[in-house]
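Structure, as structure tokens:
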Amino acid sequence: MLSFRILDFFIAVLYLSGALSFLLGLIYSSKKTQDKSVLLTIIGFGLHSLDLILKYALGIGEILTQSQFYISLLAWSFLLIYFFLWWRLKLKFLSITAAPLALLIFSGSLAISPTTLPVPGFLQGLWFGLHIGTLFITMALLAMGFGAGLAYLHLDRKIKFKAKLSNVSRDLPSLHTFDRANHLAVIIGFPLYTVGVLSGFIWAAFTWKTIFTWDPKEVATVFIWFIFAWLFHRRVSGAWKGKKPAKMVILLFILSLASFIGINFFIETHHSLRP
Amino acid sequence: MEQQIYLFGLSHKTAAIEIREKFALNGFEPLSHGLMEDQGPVQEALVLSTCNRVEILCVSSEVKEAVQDKALTAWAEFCGQDRDTLEKHVYFYSGLEAVKHLFSVAASLDSMVLGEPQILGQLKDAYRKAVQEKTAGVIINRLLHKSFSAAKRIRTETAVSSSAVSISYAAVELAKKIFGELSDQKAMLIGAGEMAELAALHLLNSGLKDIMVANRTPARAQELAQRFNGQAMCMEKMLENLPQADIVISSTGASGIIISAAQVREILKKRKHRPIFFIDIAVPRDIDARVNMLDNVYLYDIDDLKEVVEENLAGRREEAARAAEIVDIEVEKFSDWLRALDLSPTIVDLLNRGEILARRELRKSLRSLGPDVSADTTRVVEQMALSLVRKLYHEPIVFLKRRAREEGSAQKFIDLARRIFNLDDEQVPPDAHQNRKRNNP
């Protein structure tokens, strides 16, 4: 157990130095420092993957019943999506949200004491895996969209109002790139989110013999789904580009984060991760 | 008298274009056009002639008047012009002032467009020519190499050469901020003024492939479209084709607005809200200013662009102050080297260097002899080390003194000695060898 504690600590340190060095690289517009930050994050991600696999393979303390594992997995999915965007869009810039968020969530997973969750029996089933996996990846996509959205709004304002493009803005990618990141987050995110919600209901149907129980988490999720569906529709039909979807993804991310932190930790629900 | 650096010149700061044209020195060769001759006052020379400046750099052991007379006469004669006219406009620097001026020129701090990069290349060409014609000696070689490295240092350490300082280029930079790569974008020129043409050229150079040209006179539209490999149309078809355009450069002579906000709103719908960048360089303006309020539409008029350029230029001027500090430091370094070209400082440096080496080795030897060495042994070893160094350096010093008595060749050997014994503690760049090969074909 101690060796896992040390490994976890190393991962957190790597993420922290990755996040800090990216920020420094941006401030001093040094490409070298930025490259170093990506390298640090990649090493951290590698160790993190190893950590998750080992914990799962060794089945330490029935890993799937521990809240810590899920939160760590969430941090991991953030970086997975970030590396994907980096590869597809050459959007190294999104490190600015990816690394700090992964750090935050990962340290959060270390901070909560390892408690056993009251998880019902159908655990290892397909539905449960789908439910967790898709929703976590959607969350990570929204986080990227959130970062891209903030950058978009900032740059759009600067160009519109003819402000002096300071050093940081000069190094920023173009509006087009940020909009593409938003597009990906919505186009991939919404179907995944839908699958996540549906698999949850199907699982619930098996477990509790009822689909909708007016659980606060369920209500919040369905509410977010409707907003997401609307955004998805506007994006696909081509009615929205640029500012509006940027703002919407920012809103969606804040809502899902609030739902994750607020409901899963503080409200009595059968999604509770409370220790 | 020891050698001195002189510089005579005309630039955009002191002479109008008509004068600079008359006194251009393209093809001037110091050896065959009477500037340098055996036993003449000028020992080394370099000539720089561009459209914004004409300069002659000389090294001479004579007083200023003799060199000036020689240089200006040769200059005026080569150009077939009156020497008095030249004298009225020419500026003159000597010694470290000349070094400073040359460093500033190389770093483009004296250019018409501050920080423009061409001048360094022109100076390198001029130097290459001087090396080929064997008019560059010890001092000019060193001076030019130092001016290139100073310019490089200024370019990497300050932002004096960054950011767009022309209106058409600023427009392209903004377009890149909006669209990223321009290769998939389509542009439309409405009206065909000179500035619009320039902006279109810059866009094409930045990767844009597709240009439409709309103009009141079809012949002119046709002509421009052909030049840009684009598509010409009459003005009536402009609105119809506008939804295809991502970048619109408008410069018509129309007396009022030709594209309204309502029209742009319609166009946006047809484009599925893909962004449009309007560049309105017409006065009075062609495009309704309110279109900038629409989402995904960006409008810059001529004043906005001028402001961007002004800001960039102001940024460059701020950087120029920092660059000037670097020039001062580099001039100081050069002046140290120049002073050391005299014999006595070189001898002092050589002996000091030897003593430092001797004492360093002495410390090592004493340490390995252990703590019980007697005072006598220490003294004997010390004397041996020091006298060995003096004896070793004796012959080179005698050689340098003998050369110093012969006129002319002393500096070459002093410079060589300083380099052989590395008295200036220089870091030799790894590509120094290649550089030498290139410069001495």
Name the residues in region B:134-167 that are in contact (Cβ under 8 Å) with a residue 12 or more places away in the chain, closer than 21 Å to B:ARG317 by Cβ and away from chain A (no Cβ under 12 Å), would you? B:ALA150, B:ALA151, B:ARG153, B:ILE154, B:ARG155, B:GLU157, B:THR158, B:VAL160, B:SER161, B:VAL165, B:SER166, B:ILE167
Please state which one of A:LEU155, A:LEU141 is more than 30 Å from B:ASN292 (Cβ to Cβ), open to solvent by less than 40 Å² (accessible area, probe 1.4 Å) and either under 16 Å from the mean Cα position of the chain (by Cα) or within 14 Å of chain B (Cβ to nearest Cβ) (or both). A:LEU141
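Quick one: would you say B:ASP286 is in contact (Cβ under 8 Å) with a residue 12 or more places away in the chain, of a type in the set (D, E, K, R) and within 9 Å of chain A (Cβ to nearest Cβ)?
Details: in contact (Cβ under 8 Å) with a residue 12 or more places away in the chain: yes; of a type in the set (D, E, K, R): yes; within 9 Å of chain A (Cβ to nearest Cβ): no.
Taking the combined requirement at face value, the residue does not satisfy it.
Whether any residue in region B:152-163 is within 18 Å of the chain's Cα centre (by Cα) and within 27 Å of B:ALA16 (Cβ to Cβ) is what I want to check.
Initially, region B:152-163 is screened for residues within 18 Å of the chain's Cα centre (by Cα), giving B:152-163.
Among the residues that remain, those that are also within 27 Å of B:ALA16 (Cβ to Cβ) are: B:160-161.
Yes: region B:152-163 contains one or more residues that are within 18 Å of the chain's Cα centre (by Cα) and within 27 Å of B:ALA16 (Cβ to Cβ).
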Breaking point among (1) of a type in the set (A, V, I, L, M, F, W, C); (2) touching a Cys at 6+ places or on another chain (Cβ under 8 Å); (3) modelled with pLDDT of 90 or more, for B:ALA76: (2)
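Output the residues belonging to region A:176-211 that are over 22 Å from A:LEU252 (Cα atoms) and surrounded by fewer than 18 Cβ atoms within 10 Å (Cβ to Cβ). Spell out the reasoning first.
So in region A:176-211, the residues over 22 Å from A:LEU252 (Cα atoms) come out as A:202-211.
Once the filter is applied, which keeps residues that are over 22 Å from A:LEU252 (Cα atoms) and surrounded by fewer than 18 Cβ atoms within 10 Å (Cβ to Cβ), region A:176-211 yields A:ILE202, A:ALA205, A:PHE206, A:THR207, A:TRP208, A:LYS209, A:THR210, A:ILE211.
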How many residues does region B:22-46 hold that are in contact (Cβ under 8 Å) with a residue 24 or more places away in the chain, open to solvent by 20 Å² or more (accessible area, probe 1.4 Å) and under 20 Å from B:VAL105 (Cβ atoms)? 1
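Under the condition of being touching a residue at least 60 places away in the same chain (Cβ under 8 Å) and under 21 Å from A:LEU50 (Cβ atoms), which residue from region A:10-24 is surrounded by the most Cβ atoms within 10 Å (Cβ to Cβ)?
Looking only at region A:10-24, we keep the residues that are touching a residue at least 60 places away in the same chain (Cβ under 8 Å), and these are A:11-12, A:15-16, A:18-19, A:22-23.
Add one more test, that the residue is under 21 Å from A:LEU50 (Cβ atoms), and what stays is A:11-12, A:15-16, A:18-19.
Details: A:ILE11: 27, A:ALA12: 19, A:TYR15: 29, A:LEU16: 17, A:GLY18: 27, A:ALA19: 24.
Checking each candidate, the answer is A:TYR15.
Among the residues of region B:306-330, how many are among the aliphatic types (A, V, I, L, M), more than 9 Å from chain A (Cβ to nearest Cβ) and surrounded by 14 or more Cβ atoms within 10 Å (Cβ to Cβ)?
In the first step, residues of region B:306-330 are kept if they are among the aliphatic types (A, V, I, L, M); the result is B:308-309, B:313-314, B:320-321, B:323-324, B:326-327, B:329.
Of the ones still in play, those that are also more than 9 Å from chain A (Cβ to nearest Cβ) are B:309, B:313-314, B:320-321, B:323-324, B:326-327, B:329.
Still in the list and also surrounded by 14 or more Cβ atoms within 10 Å (Cβ to Cβ): B:309, B:313, B:320, B:323-324, B:326-327.
Adding up the residues that qualify gives 7.
Could you say whether any residue in region B:156-169 is open to solvent by less than 70 Å² (accessible area, probe 1.4 Å) and touching a Ser or Thr at 6+ places or on another chain (Cβ under 8 Å)? Break it down into steps so the answer makes sense when it comes.
Keep residues of region B:156-169 that are open to solvent by less than 70 Å² (accessible area, probe 1.4 Å), which gives B:158-168.
From the residues that got through so far, the ones that are touching a Ser or Thr at 6+ places or on another chain (Cβ under 8 Å) too are B:160-161.
Within region B:156-169, one or more residues are open to solvent by less than 70 Å² (accessible area, probe 1.4 Å) and touching a Ser or Thr at 6+ places or on another chain (Cβ under 8 Å).
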Report yes if some residue within region B:93-100 is part of a helix (DSSP H, G or I), closer than 17 Å to B:LEU10 by Cβ and of a type in the set (Val, Ile, Thr); otherwise report no. no
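Condition check ((1) at pLDDT below 85; (2) under 30 Å from A:LYS92 (Cα atoms); (3) away from chain B (no Cβ under 14 Å)) across all residues:
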residue	(1), (2), (3)
A:ALA181	no, yes, no
A:PRO191	no, yes, yes
A:GLY200	yes, no, yes
A:TRP203	yes, no, yes
A:ARG235	no, yes, no
A:TRP240	no, yes, no
A:LEU252	no, yes, yes
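Is there a residue in region A:116-134 that is modelled with pLDDT of 85 or more and either within 14 Å of chain B (Cβ to nearest Cβ) or in contact with a helix residue (DSSP H, G or I) (Cβ under 6 Å, 6 or more places away or on another chain) (or both)? Talk me through it step by step, then tell me what you get.
Just the residues of region A:116-134 that are modelled with pLDDT of 85 or more, to begin with: A:134.
Then keep just the ones that are either within 14 Å of chain B (Cβ to nearest Cβ) or in contact with a helix residue (DSSP H, G or I) (Cβ under 6 Å, 6 or more places away or on another chain) (or both); that gives A:134.
Yes.
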Cross-chain or 6+ apart pairs with Cβ under 9 Å, region B:202-219 first and touching a residue at least 40 places away in the same chain (Cβ under 8 Å), then open to solvent by less than 70 Å² (accessible area, probe 1.4 Å) and not in a helix (DSSP H, G or I): B:LEU203/B:LEU182; B:LEU203/B:GLN185; B:LEU203/B:ALA187; B:LEU203/B:ILE211; B:LEU203/B:ILE247; B:LEU203/B:ILE249
Looking at region B:101-147 only, could you name the residues that are open to solvent by less than 70 Å² (accessible area, probe 1.4 Å), charged (D, E, K, R) and part of a helix (DSSP H, G or I)? B:ARG142, B:LYS146
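Output the residues belonging to region B:36-55 that are outside any strand (DSSP E or B) and touching a Lys or Arg at 6+ places or on another chain (Cβ under 8 Å).
Passing the criteria: B:GLY40, B:PRO41, B:CYS51, B:ASN52.
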Considering only region A:25-38, how many residues are free of Cβ contacts under 8 Å to residues at least 12 places away in the same chain and assigned to a helix (DSSP H, G or I)? 3
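Evaluate the following for B:LYS437: is it in a helix (DSSP H, G or I), loosely packed, with under 13 Cβ neighbours inside 10 Å and modelled with pLDDT of 80 or more?
On the way: in a helix (DSSP H, G or I): yes; loosely packed, with under 13 Cβ neighbours inside 10 Å: yes; modelled with pLDDT of 80 or more: no.
No: the conditions fail for B:LYS437.
The values are calculated or read from the model by the stated rules, or taken from the named source; none is laboratory data. All figures in this text were calculated on a predicted structure; none of them were measured in a lab. Neighbour counts run over all protein chains shown; Cβ positions are idealised from the backbone, glycine included. The area values use the complete protein model at the heavy-atom level, side chains included, leaving out ligands, DNA and RNA. Shrake-Rupley method; radii C 1.70, N 1.55, O 1.52, S 1.80 Å.
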